Every structure is written in C-alpha cells, then in structure tokens.
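Peer 1: Once you've had a glance at the structure underneath, I'll fire off some questions.
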Amino acid sequence: MLFRNTYGIDLGNSTIKVYSALRNKTFLEKNMIASRGRTIIAVGNEAYEMFEKSPADISVSSPMAFGMIANLELQEITLYSMLKKIDHIIGFGSDIYFSVPLDMTAVEKRAFYHVANGHWLRKNRVFMVEAPIADAIAMGVNLEKNVGSMIVNIGAQSTQFSIIADGRIIISRKIPIGGRQMNEAICAEIRKRYSLQIGTRTGKRLKLFMGRLNDQRKEARKVVGIDSISGLPREEVISSYVVNAGIMNCVNEIAAEMKTFLERIPPQISYQIAREGIYLTGGSTRLPYIDHYLASYTGFTFNLSDLYETSAVCGLEKIIRDRELKKWAQSIKQRKL
C-alpha cells in the first residue's frame, strides 16, 4: 500500500487524544456528540459548546463511560470526524494503536476493534496498549528492570491505581471517581449552601480557577444559576471555601482508596515504591497541590507528571517511534465465527 499512516489514540471520557505519525503532532478534541434522534448535529468541540445549553430534543453526550465504549456507533463517528480534520484524505489500511483499560472482556476488545474497522473506518490494523503501561513509558519508567512502580491516573470519570513489576502489571484497581465527580460535588455543595443550581461546566470552571488543596486563599467569583426555590435566574458570589469543600469530598475518597490499596502491596514492592515515589498523572491532576495533599494523606512521595491528560498518548507516540517498545503493543484481529 502506497499510503499508510500510523495513529496513537486515547479515547478518553472527556477528550480524545490522537497522535499522527505523519504529522508528528498530537491533537486533542472533546469526546462529545450532539444528535437529534438519528441526525448528528455537532461533533467534538462544537458539541461540547452545546453541552447543558441545548433544548430537550437534542442529546449531547460522550460515547465513552468509565474508560469503556458505551456507544459504538457514536464513538466511531466522533473518531472519524476528528481523523478527517487531522488528515483530510484518510487512507484505508492505517495502523492504529489504542490505549485501553485493563482486564477487558472479549466483547469490550471487539468494540475497540470495530471502532477502527466499522462503517466509516476500514481495513486498519489494530494494536492495543494497556493504559498504565503507556503512562509508565511516557513518564520514563524502565519496564524491563523494574522491582516495583506505582502509576496513579486520575481521569475524567475514574481513577486507576496500578503496580508494575518485572515488566507486567501485577495489581490494579479502578474506582469511579474523577474530575467529573469533582465538578458534580462542587455543584451539590453550592446547591446545599446557596440554594442555587449551576451546571457542571460552571462547576468545572470554578474548580480550575479557585480549586486549592493546601493553599486556602480567600477568593470569590460571581456565577449565575437557577434559584432552587423560585426557579428564576439569580446571581451569587461563590466563596473558594465552598468550592474546596466539594473538591475535598472526592479527593479524600481517592486518598482513602489509595491508602487501602497500598496496604495490600507486598513489603518489598512497597519499599521500592517508597524510595522511587508514586507516579501521578491524568487530567484531574491539574488541580494545584494535589500531589502534596495525597502525600500528606498516604505518607508516600509523589512524582507529578507535567503531561496530565496527554500522558497515555505520549506513551503511544514513544511506542510508535521506537521499534524496541512495540513489544508492549498487542495486535488484535477479528475472530472468524
């Protein structure tokens, strides 16, 4: 085949990350799709602009849920739309490397395969890399001579703890708490204290601008929401204390689960992790001082990655560009019935 491109793709709950080997660049776009019945209205960032603003007959949602493909058809359309923007002429027969969750069933693996070989995209070779392995490669962890390393990824909808030793993942746990749950917790806290209903997009903005875990600076921002009693729009000045109270509920839950997880680890591996530090990544680690807060709660030091949500796709980029790392990618083929 004359034209054959290679892509590294991380289908996130919030954002799709795509690395194009042809352009040697990583592209990010919201993993959202807006539809009215069977008609697609908007995809990606355009659909996200409609989120929580659309009329009742228009549905705006993400095709992913907790790291898994929830709607196969919509996910294929979203991915095809993004690849079309990156490379205007998409050649069939590309090599696609997916960053995937751990412990997937055969049905879940087939869903990833069909996203790359369905109605819009065809004749592509599919490779799968476990997400913690991709994160570890991106953060420079030596997988060959590894006594024990812990990778923590706090994503949009879930948090994953993984222990890598001797080139394989020996223990892993996923909990359904992430950035989206923090946004919802902020909205719930504001509703409880101010009797004001705000959307999760507003909650996310408050989290990014006022969220602090160690540095409790007194800040306030004006927001517009719906009064819970009258049902009319109302302006309110929101204190950073209220925003942090909502965030703390989720971060404390993550920290408690992490501490329980660390207690299950064999002593020799735990000692190595204590020396090396826990590797922390994911989009929700943009929250200021989250590494210091988790360190004070668990007693372990943390190595905070500056890659954030692009960590897995950066790992895929290294695998695509380095022939020696390609052994961590597993080829997936469609089973004949």
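The values are calculated or read from the model by the stated rules, or taken from the named source; none is laboratory data. What you see is a predicted model, and the numbers here were worked out from it, not measured in a lab. In this analysis, Cβ positions are derived from the backbone assuming ideal geometry, glycine residues included, and neighbour counts consider all displayed protein chains. When the accessible area is computed, the model is the full protein with side chains, heavy atoms only, and any ligands, DNA or RNA have been set aside. Shrake-Rupley method; radii C 1.70, N 1.55, O 1.52, S 1.80 Å.
Peer 1: Taking the Cα centre of the range 200-337 as origin, work out the dipole magnitude from +1 charges on Lys and Arg Cβ and -1 charges on Asp and Glu Cβ, in debye rounded to 20.
Peer 2: 640
Peer 1: Please list, in order along the range 175-181, the HN-Hα scalar couplings obtained from phi with the Karplus expression 6.51 cos²θ - 1.76 cosθ + 1.60 (θ = phi - 60°), rounded to whole Hz, x for Gly and Pro.
Peer 2: 10, x, 10, x, x, 5, 5
Peer 1: Straight-line reach only, C-alpha to C-alpha below 28 angstrom: list the lysines that residue 192 could link to, leaving out same-chain residues fewer than 8 apart.
Peer 2: Within reach: 53, 204, 207, 218, 222.
Peer 1: Follow-up. Please give the charge dipole size of the chain, origin at the Cα centre, charges +1 on K and R Cβ atoms and -1 on D and E Cβ atoms. Round to the nearest 20 debye.
Peer 2: Using Cβ point charges on Lys, Arg, Asp and Glu, the chain gives about 640 debye.
Peer 1: Now a separate question. Please report the carbon-and-sulfur percent of the accessible area for the chain; probe 1.4 Å, protein heavy atoms only, DNA, RNA and ligands left out.
Peer 2: In the chain, the share of accessible area belonging to carbon and sulfur is 51 percent.
Peer 1: Taking a cut-off of 24 Å between Cα atoms, list the lysines near residue 85, but don't count ones fewer than 8 places away on the same chain.
Peer 2: Those lysines meeting the cut-off are 17, 25, 30, 123, 318.
Peer 1: Send over a whole-number figure in Å² for the accessible area per residue of the chain, probe 1.4 Å.
Peer 2: 49
Peer 1: For the range 27-82 and the range 87-139, write down the distance between their C-alpha centroids in whole Å.
Peer 2: Cα centroid of the range 27-82 versus Cα centroid of the range 87-139: 19 Å apart.
Peer 1: In whole Hz and in residue order, list the ³J(HN,Hα) couplings for the range 278-294 that follow from phi through the Karplus curve 6.51 cos²θ - 1.76 cosθ + 1.60, θ = phi - 60°; x for Gly and Pro.
Peer 2: 8, 7, 10, 8, x, x, 6, 7, 5, 4, x, 6, 5, 5, 5, 5, 5
Peer 1: When a/c is below 1.5 the answer is rounded, else prolate if a/b is larger than b/c, else oblate, so apply that to the range 262-318 with a ≥ b ≥ c taken from the square roots of the Cα gyration tensor eigenvalues.
Peer 2: It comes out oblate by the Cα gyration axes.
Peer 1: Ok, one more. Sorting check: for 269-281, 174-186, 298-310, which peptide has the highest mean count of neighbouring beta carbons within 10 Å, and how do the rest follow?
Peer 2: Taking the mean over residues of other Cβ atoms within 10 Å, the ranking is 174-186, 269-281, 298-310.
Peer 1: Using θ = phi - 60° and the Karplus form 6.51 cos²θ - 1.76 cosθ + 1.60, what ³J(HN,Hα) does each residue of the range 195-212 get, whole Hz, x for Gly and Pro?
Peer 2: 6, 10, 9, 10, x, 5, 5, 5, x, 5, 4, 5, 5, 6, 8, 10, x, 9
Peer 1: Let me ask another. Compute from the Cα atoms of the range 42-167 the Rg and the Dmax, the latter being the longest Cα-Cα distance, and quote both in angstrom.
Peer 2: Calculated on Cα positions, Rg and Dmax stand at 17.1, 55 Å.
Peer 1: Over the alpha carbons of the chain, what is the largest minus smallest coordinate on each principal axis, giving the biggest first in Å?
Peer 2: Principal extents (largest minus smallest coordinate, Cα): 63, 56, 36 Å.
Peer 1: Would you please classify the overall shape of the range 102-224 from the alpha carbon gyration tensor, given that a ≥ b ≥ c denote the square roots of the eigenvalues, rounded means a/c under 1.5, and beyond that prolate means a/b larger than b/c while oblate covers the rest?
Peer 2: oblate
Peer 1: Rounded to the nearest 500, what is the 222 nm mean residue ellipticity of the chain from helices alone, with -39500 (n - 2.57) per DSSP H run of 4+ residues and division by all residues?
Peer 2: Here the helix-only value at 222 nm equals -11000 deg cm²/dmol.
Peer 1: Now for a different question. If you average the alpha carbon positions of the range 158-216 and of the range 236-311, how far apart do those two centres end up, in angstrom?
Peer 2: Cα centroid of the range 158-216 versus Cα centroid of the range 236-311: 11 Å apart.
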